[in-house]
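J.: First the structure, which I've put down as structure tokens, then a few questions once you've had a look.
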Amino acid sequence: AAKAAGRNCFSYFTPAMQQAALDRLRMSNDLRRALDAAQFEVHYQPIIHLMTGRVVKAEALVRWLHPTRGMIGPAEFIPLAEDTGLIVPLGDWVARQAIARLAQWRRAFNPEFQIAVNQSPAQFRSNDFTDVGWVQELERYGLEGNAVVIEITEGLLLNAEPRVNKNLLMFRDAGIQIAIDDFGTGYSSLAYLRKFDIDYLKIDRSFVEDLDGIGLDLCEAIVVMAHRLGLEVVAEGVETERQRDILARIGCDYAQGYLFSRPLPAESFTALLSAWPDPSAP
Ligand code: C2E
Ligand code: MG
Ligand code: MG
Ligand code: MG
């Protein structure tokens, strides 16, 4: 049929597309093996309370230490992990790592330290999600639910299915906190902020980058709205002292970004916590 249609008809698979499909297949096979081969590592990025300058939370960010390609960031493999279902066991693994570290850091540094963990919609919708992990895992270390913050994106809450609702309620009953990640970049129906019990808005990095432009008004508006609704605000992607100062001035509660630290392997993060200046010290 393609031939009959003549020169104007495209064949569906160009060589480039074939190559891309092959790469993807190879990568998803690699990915499946990677969990058994212990090729993943969780890195931690500090979240700073702007008023006191203390590190009060860390965000857990997964990396893939690929045997031939080196360290691969989550943007490159999380979508694939979602498509293949691997996100569920991978997510459980990240959660267990993060909770074990949290227990250690609470004991050694700060009994109120919190860990933030990203959850993709695929995890939220998975069947086993309610059965595994969080609560039992926290209990193992004698930790309360409010030691953990789950980061989700706005899209999940728009037309939330019954199962999503159920999981959100389960989190709330356990005392686990919820943050909206990349706030302001998704569908902006704000009604969900009232409908669901949200604890934090994380202002997307794109607004923080633009504090000399419209980003300033947007950040300020987000802070005012969040506080009115009883939520706290975390700014993402803070890279300069100036950005930090502006965010502090407009009342943003927390900041995270390369200015403070890149995401670090657990041991380096422990070192960061021990070296961090204690503002209450004489
Ligand atoms: P996110 O949750 O919005 O995480 C923040 C991203 O911004 C991280 O990228 C972090 O390294 C980066 N970042 C932090 N500070 C700065 C800064 O000052 N400047 C710049 N340019 N970037 C900064 P990363 O680690 O590559 O993660 C990308 C995304 O992958 C995350 O975005 C999150 O959506 C997803 N992700 C990471 N770990 C997990 C996980 O364990 N499970 C799931 N489901 N998703 C994850
Ligand atoms: Mg996040
Ligand atoms: Mg984010
Ligand atoms: Mg972001």
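Derivation of every value follows stated rules applied to the coordinates shown; laboratory data play no part. Just so we're clear, the structure is a prediction, and the values are computed from it rather than from any experiment. Positions of Cβ are backbone-derived with ideal geometry, glycine not excepted, and every protein chain shown enters the neighbour counts.
J.: How many residues does segment 25-75 contain that are out of contact with any strand residue (DSSP E or B) (no Cβ under 8 Å at 6 or more places or on another chain), within 29 Å of residue 177 (Cβ to Cβ) and part of a helix (DSSP H, G or I)?
T.: Here the count works out to 2.
J.: I'd like the full set of residues that are more than 14 Å from ligand 2 (Cβ to nearest atom) and either among the hydroxyl-bearing types (Ser, Thr, Tyr) or within 13 Å of residue 226 (Cα to Cα) (or both), limited to segment 185-197.
T.: Result: 187, 188, 189, 190, 191, 192, 193, 194, 197.
J.: Another question, if that's okay. Can you tell me which residues in segment 141-184 are of a type in the set (Ser, Thr, Tyr) and either within 15 Å of ligand 3 (Cβ to nearest atom) or under 17 Å from residue 226 (Cα atoms) (or both)?
T.: Scanning segment 141-184 gives a single hit, 153.
J.: Within segment 185-211, how many residues are within 12 Å of ligand 3 (Cβ to nearest atom), under 16 Å from residue 223 (Cα atoms) and buried (at least 16 other Cβ atoms within 10 Å of the Cβ)?
T.: Looking only at that region, the number is 8.
J.: On to the next question. Looking at 88, 94 in this structure, which one is part of a helix (DSSP H, G or I), in contact with an Asp or Glu (Cβ under 9 Å, 6 or more places away or on another chain) and either among the small types (Gly, Ala, Ser) or without any contact (Cβ under 8 Å) to a residue 60 or more places away in the chain (or both)?
T.: On inspection, the qualifying residue turns out to be 88.
J.: Here's a follow-up. Scan segment 142-186 for residues that are farther than 10 Å from residue 124 by Cβ, among the acidic types (Asp, Glu) and free of Cβ contacts under 8 Å to residues at least 60 places away in the same chain and jot them down.
T.: 144, 154, 173, 182 - these are the residues of segment 142-186 that are farther than 10 Å from residue 124 by Cβ, among the acidic types (Asp, Glu) and free of Cβ contacts under 8 Å to residues at least 60 places away in the same chain.
J.: I'm checking my understanding of the structure. Among residues of segment 227-265 that are farther than 13 Å from residue 59 by Cβ and touching a residue at least 60 places away in the same chain (Cβ under 8 Å), which one is nearest to the chain's Cα centre (by Cα)?
T.: Taking the candidates together, the pick is 265.
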